[in-house]
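Everything below concerns the one structure shown next.
The values are calculated or read from the model by the stated rules, or taken from the named source; none is laboratory data. All values derive from a computational prediction rather than experimental measurement. Cβ atoms come from the backbone with ideal geometry, glycine included; neighbour counts cover every protein chain shown. We work out accessible area using only protein heavy atoms, side chains counted, and drop any ligands, DNA or RNA first. Shrake-Rupley method; radii C 1.70, N 1.55, O 1.52, S 1.80 Å.
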Amino acid sequence: MSKVLIIGAGGVGGVVTHKCAGDRDTFSEIVLASRTLSRCEKIRKQVRDLRGREIEISQVDADDVAQTVALIKRVQPALVINVALPYQDLPLMEACLEAGVDYLDTANYEPPDEAKFEYKWQWAYRDRFESAGIMALLGSGFDPGVTNVFCAYAQKKLFDEIDYIDILDCNGGDHGRPFATNFNPEINIREITQRGRYWENGTWVEIDPMSQSRMFDFPEVGERKAYLLYHEELESLVKHIRGLKRIRFWMTFGDEYLTHLRVLENVGMTSIDPIEYEGREVVPIQFLKALLPDPSMLGENYTGKTSIGCLIEGRKDGQPRKLFIYNVCDHQASWKEVRAQAVSYTTGVPTMVGAKMMLTSQWRGKGVFNVEQFDPEPFLEELAVRGLPWHVREM
Ligand code: NDP
């Protein structure tokens with residue numbers, strides 16, 4: 001029986017709140033805090049209507065460490081769940097250290113003025129968390145998150161040696177809009193417009209953005225073209241999966257999406273450098289975010305499925321083996337259950353499951369950890385129960 005403080009009332013924050021509210025035994029009290037109180041109010045009403053549970057809400061600016069510390073001290077949670085934006089990771093980790101409480105997030109830190117995401121800033125907190133006797137769990141979403149746990153499970157149960165991993169992320173859904181992103185537009189566009197990168201034979205190989213692609217037959221979606229991107233789980237998996245020769249990440253995009261993105265890039269709308277407009281400083285990508293549909297509003301008319309997994313090659317009992325471990329999630333089913341589309345759902349469910357692993361001490365440690373460092377089995381068992389069943393297909 002534990003009290004949690006969830007920070008961030010966006011698409012993912014809504015799902016996490018619904019899923020925690022659905023497990024009264026673990027999450028006895030829930031406080032949802034975010035920058036805009038009206039977004040917390042909306043989720044509170046949904047949780048009341050759909051789950052029959054009351055939650056507490058609060059306004060907070062998570063960039064302000066003192067404000068968050070005051071909130072944590074007032075609320076006294078057992079865990080802070082960060083589902084705001086990657087920019088808030090470090091101030092929230094600071095606040096957790098100051099207040100002496102455990103921390104969990106779904107995306108690694110990214111400085112606002114540089115489109116670069118790396119674990120180094122958060123891993124640097126390891127000693128301070130360890131000496132404070134508290135735990136931080138990083139990247140407990142789907143990718144990073146479930147994909148890391150799939151790899152840990154493959155290492156523990158399915159292979160003796162792993163050579164190659166390809167993480168394949170397909171959203172085969174249709175939201176009916178000409179152009180929209182499935183999670184925070186600023187973070188999403190920053191991620192896919194940077195140079196691609198993968199790891200092979202101990203070194204990082206860089207490629208031009210979207211310059212490599214492959215076709216893959218995604219379960220329950222079909223053949224789709226996926227593009228090689230850099231994605232943050234690669235950085236931690238190369239440390240934690242033994243004997244790995246190569247790891248890459250691929251994501252599918254439709255032609256329509258890529259054409260819009262190319263035009264926006266060419267006219268400078270995806271830039272993170274401020275420009276002066278009529279005496280005001282404007283950051284083009286932030287202005288673009290204001291124009292694009294709010295990802296949490298895409299759900300109602302979203303049809304189709306996401307199909308995401310890890311294609312893993314290696315050996316078991318002296319025999320070559322190739323497997324795809326994956327989950328398929330339906331946008332409409334997610335909408336019916338928690339009023340969110342499947343991208344928010346597939347992120348929010350593993351966030352709740354990671355929180356449960358910590359609160360029930362099935363995953364415990366002092367310091368800063370990535371999800372693949374813990375036993376994958378209890379997490380995967382709970383994941384299936386909480387709405388994301390997963391499968392292993394021999395290839
Ligand atoms: P949204 O933009 O929908 O929601 C973000 C929320 O955080 C908003 O409610 C926003 O408030 C709030 N917020 C922003 N800044 C602050 C602040 N300074 N203080 C308090 N609250 C703040 O994003 P998503 O829900 O789509 O994504 C949430 C997180 O999940 C992101 O970090 C994203 O990168 C991550 N993610 C991870 C995935 C994974 O698989 N691992 C996949 C998808 C997303 P306001 O309403 O005022 O803007």
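Return the residues of the range 118-172 that are at positive phi and either in contact with a Phe, Trp or Tyr (Cβ under 7 Å, 6 or more places away or on another chain) or within 16 Å of the ligand (Cβ to nearest atom) (or both); say none if nothing qualifies.
Matches in the range 118-172: Gly139, Gly145.
Between Lys239, Lys289, Lys225, which is outside any loop (DSSP other than H, G, I, E, B), modelled with pLDDT under 95 and open to solvent by 20 Å² or more (accessible area, probe 1.4 Å)?
Lys289
Any residue at all in the range 51-70 that is within 20 Å of Val349 (Cα to Cα) and without any contact (Cβ under 8 Å) to a residue 24 or more places away in the chain?
Yes, some residue in the range 51-70 is within 20 Å of Val349 (Cα to Cα) and without any contact (Cβ under 8 Å) to a residue 24 or more places away in the chain.
Show the residue pairs that are 6+ apart or on different chains and have beta-carbon atoms under 8 Å apart, the first residue being within the range 179-208 and touching a residue at least 12 places away in the same chain (Cβ under 8 Å) and of a type in the set (Ser, Thr, Tyr), the second being in a strand (DSSP E or B) and within 15 Å of the ligand (Cβ to nearest atom).
These pairs meet every condition: Tyr198/Phe249.
Among (1) out of contact with any strand residue (DSSP E or B) (no Cβ under 9 Å at 6 or more places or on another chain); (2) more than 12 Å from the ligand (Cβ to nearest atom), which single condition is Gly176 missing?
Result: Gly176 fails condition (1) only.
I'm told Met210 meets every condition in (1) more than 23 Å from Leu85 (Cβ to Cβ); (2) within 16 Å of the ligand (Cβ to nearest atom); (3) part of a loop (DSSP other than H, G, I, E, B) except one. Can you identify the failing condition by its number?
Of (1) more than 23 Å from Leu85 (Cβ to Cβ); (2) within 16 Å of the ligand (Cβ to nearest atom); (3) part of a loop (DSSP other than H, G, I, E, B), only one is false for Met210: (2).
Please find, among Val60, Val47, the residue that is near the ligand (Cβ under 8 Å from one of its atoms) and open to solvent by less than 40 Å² (accessible area, probe 1.4 Å).
Going through Val60, Val47 in turn, the sole match is Val60.
Counting only residues that are touching a helix residue (DSSP H, G or I) at 6+ places or on another chain (Cβ under 7 Å) and not hydroxyl-bearing (Ser, Thr, Tyr), how many does the range 149-177 have?
Qualifying residue count, the range 149-177: 11.
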